[in-house]
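Below is one structure, written out as structure tokens; comments come after it.
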Amino acid sequence: MVAMKRFWTAADLVAEEGGWSVRLDGRAVRTPARALLTVPGEALARAIVAEWAAQGEEIDPRTMPMTGFANATIDRVLPAPGEFRGQIAAYAESDLFCYRAAEPEGLVAAQCGTWDPLLDWARTCHAVSFTLTDGILPVDQPARTLAALRDAVEAIDPWLLAGAATLTQLGGSLVATLALLDGAADVETLWAAVTLDERWQAEQWGEDAEARARLDARSADFCNAARYCDLVRAA
């Protein structure tokens, strides 16, 4: 694929009815689907402008995560938010925090110490209960729990759904995503929680460079999704 060359000098934003539009040398930026790149709040708009301003002679989309989330929201989420809500809510049926190790004792204790407080938060905040199990075989969650967590997902602002979907898919936990959106835990705490098993195994048996690189890439994506959500909520 041929890299796209930088074609502008200055990136800026303009306040318009319904949000903030990103401009390059005064010309409106458009999404891949050719919609105007207009976002609801100034904080997100300024972060996107900073990504465009920081580009070198060639555009590197990998260094523009906020632009990517905004594009995905405009082109894919807003036309069909129900599809994204369904994908996110499905994780209530198999939340990572409900699947526990039977041994060794150290891992069991680590999971309890890290995951139980997050499940306790969900129990209190969303009036739900959870069925925990040892191992990886599927376990059914109470119908009332699934319904309550679906309601929680339905309440998420559509502009947050792209970030929420990324957080949930990378972490395997809807509870973690809801805790972050609610401000019940910060991104570092939640990333440590959703990668507890991987980090435990690495500490016990060692970690190769490829595994470390994959984990670092997931961590960057997780943190970018969390930052996107923070910027949207700052609107």
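List of remarks:
- Within the range 192-208, residues that are among the small types (Gly, Ala, Ser) have Cβ atoms under 7 Å from residues that are assigned to a helix (DSSP H, G or I) in these pairs: Ala193/Thr114; Ala193/Trp115; Ala193/Leu118; Ala193/Ala176, counting only partners at least 6 apart in sequence or on another chain.
- Just one of the listed residues (Ala80, Ala70, Ala89, Ala54) is surrounded by 15 or more Cβ atoms within 10 Å (Cβ to Cβ), more than 20 Å from Gly171 (Cα to Cα) and of a type in the set (Gly, Ala, Ser), namely Ala70.
Here's the yes/no breakdown for (1) over 17 Å from Val108 (Cα atoms); (2) among the small types (Gly, Ala, Ser):
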site	(1), (2)
Val187	yes, no
Ala193	no, yes
Ala217	yes, yes
Ala226	yes, yes
Asp230	yes, no
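- Looking only at the range 196-235, residues that are crowded, with 19+ Cβ neighbours inside 10 Å and in a loop (DSSP other than H, G, I, E, B) come to 0 in all.
- Applying the set (1) at pLDDT 95 or above; (2) within 21 Å of the chain's Cα centre (by Cα) to Trp52 leaves exactly one unmet item: (2).
- Search result, residues across the range 17-51 that are buried (at least 20 other Cβ atoms within 10 Å of the Cβ) and either part of a strand (DSSP E or B) or among the polar types (S, T, N, Q) (or both): Trp20, Val22, Thr38, Val39
Residue-by-condition table, conditions (1) of a type in the set (Phe, Trp, Tyr); (2) modelled with pLDDT under 95; (3) assigned by TED's automatic domain parsing to the domain that holds Arg27:
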| residue | (1), (2), (3) |
| --- | --- |
| Glu57 | no, yes, yes |
| Gly86 | no, no, no |
| Cys98 | no, no, no |
| Phe130 | yes, no, no |
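- Some residue of the range 68-91 being of a type in the set (D, E, K, R), over 30 Å from Leu231 (Cα atoms) and touching a helix residue (DSSP H, G or I) at 6+ places or on another chain (Cβ under 9 Å): no
- Within the range 132-148, residues that are surrounded by fewer than 12 Cβ atoms within 10 Å (Cβ to Cβ) reach partners that are among the hydroxyl-bearing types (Ser, Thr, Tyr) and part of a loop (DSSP other than H, G, I, E, B) with beta carbons closer than 7 Å, at six or more positions or on different chains, in the pairs Asp140/Thr131.
- Among the criteria (1) out of contact with any strand residue (DSSP E or B) (no Cβ under 8 Å at 6 or more places or on another chain); (2) within 21 Å of Thr177 (Cβ to Cβ); (3) of a type in the set (Ser, Thr, Tyr), the one Thr63 does not fulfil is (2).
- Residues that are within 16 Å of the chain's Cα centre (by Cα), under 19 Å from Leu181 (Cα atoms) and assigned to a helix (DSSP H, G or I) within the range 76-96 comprise Val77, Pro81, Phe84, Arg85, Gly86, Gln87, Ile88, Ala89, Ala90, Tyr91, Ala92, Leu96, listed in sequence order.
- Residue check for Thr63: closer than 30 Å to Gly172 by Cβ, of a type in the set (Val, Ile, Thr) and either buried (at least 17 other Cβ atoms within 10 Å of the Cβ) or touching a residue at least 24 places away in the same chain (Cβ under 8 Å) (or both): no
The values are calculated or read from the model by the stated rules, or taken from the named source; none is laboratory data. Note that this is a predicted model, so its numbers are computed, not measured. For neighbour counting, all protein chains shown are included, and Cβ atoms are generated from backbone atoms with ideal geometry for every residue, glycine included.
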